[in-house]
Amino acid sequence: TKKLPDPFGLVSAAATTIAALVATIPFSIIYFRQFSLVAPLSNMVTLPLVPLIMLSGFLIVVPGFTHGAALITHYLIGLMLYLLSWSGSLPYASFSW
């Protein structure tokens with residue numbers, strides 16, 4: 001992907017998403033008997049939130065930032081859960097057997 005133009009880091013985010021899916025799809029199918037069709041969309045949408053959640057979670061232990069960072073972390077995780085719930089509720093989001 002280094003040869004491709006990468007506006008806003010979308011190509012690297014897509015590559016990360018695809019790599020994670022390729023590695024975990026067999027486990028999802030074997031152990032959970034489920035295959036998600038919206039996983040790439042969900043991952044692409046929520047991937048930018050992960051570093052923000054990690055940073056704000058780290059700032060919780062820094063004196064002076066505790067309350068503000070906890071509030072920010074709470075809302076970022078809430079946003080991530082909302083987006084994942086929304087994508088999981090789309091029609092034909094996954095196949096189970």
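Residues checked against (1) part of a helix (DSSP H, G or I); (2) among the basic types (Lys, Arg); (3) open to solvent by 60 Å² or more (accessible area, probe 1.4 Å):
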position: Ala15; (1), (2), (3): yes, no, no
position: Ile18; (1), (2), (3): yes, no, yes
position: Ile30; (1), (2), (3): yes, no, yes
position: Phe35; (1), (2), (3): no, no, yes
position: Ser56; (1), (2), (3): yes, no, no
position: Ile72; (1), (2), (3): yes, no, yes
position: Ser85; (1), (2), (3): yes, no, yes
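Do we find that Leu49 is under 10 Å from the mean Cα position of the chain (by Cα), closer than 30 Å to Ala69 by Cα and open to solvent by 60 Å² or more (accessible area, probe 1.4 Å) in this structure? Give the steps one after another, and end with the answer.
Working: under 10 Å from the mean Cα position of the chain (by Cα): yes; closer than 30 Å to Ala69 by Cα: yes; open to solvent by 60 Å² or more (accessible area, probe 1.4 Å): no.
No.
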Subset tally (residues that are within 17 Å of Leu84 (Cα to Cα) and not small (Gly, Ala, Ser)) for segment 25-60: 17
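The values are calculated or read from the model by the stated rules, or taken from the named source; none is laboratory data. Computed from a prediction, not measured in an experiment: that's the story for all the values here. Calculation scope for accessible area: heavy atoms of the full protein, side chains included, ligands and nucleic acids excluded. Shrake-Rupley method; radii C 1.70, N 1.55, O 1.52, S 1.80 Å.
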